[in-house]
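Visitor: Before I ask anything, here is the structure I am working with.
Taken together, the values in this text are just the output of simple stated rules run on the coordinates, not laboratory data. As the structure is a prediction and not an experimental result, all values here were calculated from the model. Cβ placement follows ideal geometry from the backbone for every residue including glycine, while neighbour counts extend to all protein chains displayed.
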Amino acid sequence: MRAAIVKEKGAIPVIGHFDSPVATDGEVLINVSAAALSRVSKFRSMGMHYSSDGNFPIVAGMDGVGTLEDGTRVYFALPAAPYGSLAEQTIVGEKLTVRLPDGIDDLTAAAIANPAMSSWAALVFRAGFKSGQTVLINGATGASGSLAVQIAKGLGAKKIIVTGRNESKLGTLEADEAIAFDMTVDNGQTRFENALMPVVADGVDVVLDYLWGDSAFAIMTAIANTNTDRATRFVSIGTSSGQESIDLPSSILRSSTIELIGSGGKSVSKADMLSVVKEVFEMAAGGKLKIEIKEYALEELKEAWNAPLTPRPVIKVR
């Protein structure tokens, strides 16, 4: 079968022939129709993510959409190694599939599942979000961040604050406050902190952070410097800034009500993640969640792999 094959750690996948999979007990065979490219999927496929298997060659891709042998349309996640989602067929554990509702097409389902699922899980399971709370989303201009805005609104956030590097994109989001920053200019971090202070003065219940780095530190500093005793659950979801580490003084945590937690593949159970994705698909089918997509054929894999993640690259396999 045709597949996107990663031959060694760190290598970009290439189109080639891979033996067709055969399902064993507890597994189902899926005829893949579409798979999206996310940052985590690409890094995991190349063996550069903490959840990577590390054995090569493998088929790239960690999730997608396809049909079971009886024609049922499903979303699937975490195919059984060495198979992935970027192939004509794959195999997954039968409990790692979710039936797609009417009203959502394959490409949209493939594109929206991973970013919306991670945002929803971080907001609900890790942050314990409740309707009526205030949410700050750092990195709101990316696919995951912009979906988080829609999800927070749909779940009843009282106030939504968005921050990010793209000022024009921030202005298109349905948020109550938007603050753009540029960490490359002189005193960029201080300027961002000063802009944040009046906006967070009344308190923030949840911070969803997709960037980490200097902007995350600025947000924590601004919140710590407010006079409110309102607890803030700061959820680290990603490191899209490219900064894996920051110099965080313990005094920020000791002198504030900030609770610093993470959200990722090992902090939320697979069962909870799959229950979340059902909600995501229902919301998307009802027109309450939207994502920009750019479609590619499997033969255009290299172009898709190197494309920006917004709009979300989706590879149509068949």
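Visitor: Can you give the FRET efficiency for Ser52 and Glu259, using 1/(1 + (r/R0)^6), R0 = 25 Å, r = Cβ-Cβ distance, to the nearest 0.05?
Guide: Efficiency computed from Cβ-Cβ geometry: 0.30.
Visitor: I'd like the orientation of helix 106-121 relative to the chain: the angle between its Cα long axis and the longest Cα principal axis, in ° from 0 to 90, rounded to 10.
Guide: With both axes taken from Cα atoms, the answer is about 40 degrees.
Visitor: Quick one: Karplus J couplings for the stretch 18-25, per residue in order, coefficients 6.51, -1.76, 1.60, θ = phi - 60°, nearest Hz, x for Gly and Pro?
Guide: With coefficients 6.51, -1.76 and 1.60, one gets 9, 4, 5, x, 10, 6, 10, 4 Hz.
Visitor: Straight-line reach from Lys158: which aspartates and glutamates have Cα under 20 Å away, leaving out those fewer than 8 places along the same chain?
Guide: Once the sequence-local aspartates and glutamates are set aside, what remains near Lys158 is Glu174, Asp176, Glu177, Asp202, Asp205, Asp209, Asp229.
Visitor: How large is ³J(HN,Hα), in whole Hz, for each residue of the stretch 212-228 in order, when computed from phi with the Karplus curve 6.51 cos²θ - 1.76 cosθ + 1.60 and θ = phi - 60°, using x for Gly and Pro?
Guide: 6, x, 4, 5, 5, 4, 4, 5, 4, 5, 4, 5, 5, 8, 7, 8, 6
Visitor: Further question on the same structure: In terms of modelled amide H atoms, which long-range or inter-chain residues lie less than 5 Å from the amide H of Ile179?
Guide: The answer is Val162, Thr163, Gly164.
Visitor: Give me Rg/Rg_expected for the stretch 254-308, where Rg uses Cα atoms only and Rg_expected = 2.2 N^0.38 Å with N residues.
Guide: After normalising by residue count via 2.2 N^0.38 Å, the value is 1.76.
Visitor: Can you tell me the dipole magnitude for the stretch 53-175 around its Cα centre, using point charges on the Cβ only (Lys, Arg +1; Asp, Glu -1), in Debye to the nearest 20?
Guide: Charge dipole of the stretch 53-175: 860 debye, to the nearest 20.
Visitor: Then there is this: In debye, nearest 20: dipole of the chain around its Cα centre with unit charges on the Cβ of K, R (+) and D, E (-)?
Guide: In debye, rounded to 20, the chain gives about 200.
Visitor: Sort Arg2, Arg233 so the one with the fewest other Cβ atoms within 10 Å of its own Cβ comes first.
Guide: Arg2, Arg233
Visitor: Name the residues whose placed amide hydrogens come within less than 5 Å of the amide hydrogen of Leu248, ignoring near sequence neighbours (fewer than 5 apart) on the same chain.
Guide: Here nothing satisfies the definition.
Visitor: Where does the stretch 124-265 land on the Kirkwood hydrodynamic radius, alpha-carbon pairs, in angstrom?
Guide: That comes to 14.8 Å for the stretch 124-265.
Visitor: If you don't mind, another one. Indicate, rounded to the nearest 5 percent, the antiparallel portion of the DSSP beta bridges found entirely in the chain.
Guide: 50 percent
Visitor: What residues have an amide H closer than 5 Å to that of Ile15, excluding those fewer than 5 places away on the same chain, when H is modeled at 1.01 Å from N in the peptide plane?
Guide: The list, which skips near neighbours in sequence, is Ile5.
Visitor: On the principal axes of its Cα set, how long, how wide and how thick is the stretch 42-150? Give whole Å, largest value first.
Guide: Largest to smallest, the principal-axis extents are 45, 36, 23 Å.
Visitor: Can you work out ³J(HN,Hα) from phi for every residue in the stretch 292-307, in order, using Karplus 6.51 cos²θ - 1.76 cosθ + 1.60 and θ = phi - 60°, giving whole Hz and x for Gly and Pro?
Guide: After applying 6.51 cos²θ - 1.76 cosθ + 1.60, I find 7, 10, 10, 8, 10, 7, 4, 5, 9, 3, 4, 5, 5, 4, 8, 6 Hz.
Visitor: Say R0 is 51 Å: what FRET efficiency, to the nearest 0.05, do Leu248 and His17 get from their beta-carbon distance?
Guide: Efficiency computed from Cβ-Cβ geometry: 0.55.
Visitor: Name the residue, out of Leu274, Leu248, Leu301, whose mean-square fluctuation peaks in a Gaussian network model built on the chain with Cα pairs under 10 Å.
Guide: Leu248
Visitor: Let me ask you something else. Counting pairs of alpha carbon atoms under 8 Å apart in space and at least six apart in sequence, what relative contact order in percent does the chain give?
Guide: RCO, the chain: 19 percent.
Visitor: Return one number: the angle in degrees, 0 to 90 and rounded to the nearest 10, between the long axis of the Cα atoms of helix 270-285 and the longest principal axis of the Cα atoms of the chain.
Guide: 90 degrees
Visitor: From the Cα gyration tensor of the chain, with a ≥ b ≥ c the square roots of its eigenvalues, which class applies: rounded if a/c is under 1.5, or else prolate if a/b is larger than b/c, or else oblate?
Guide: In terms of gyration-tensor shape, prolate.
Visitor: How high is the FRET efficiency from Leu274 to Lys130, r the C-beta distance, R0 30 Å, rounded to 0.05?
Guide: For Leu274 and Lys130, the calculated efficiency is 0.85.
Visitor: On to the next question. Students often get this wrong, so check it: of Lys7/Lys42; Lys169/Lys316; Lys95/Lys290; Lys169/Lys290, which have C-alpha atoms separated by over 18 Å?
Guide: Those over the limit are Lys169/Lys316; Lys95/Lys290.
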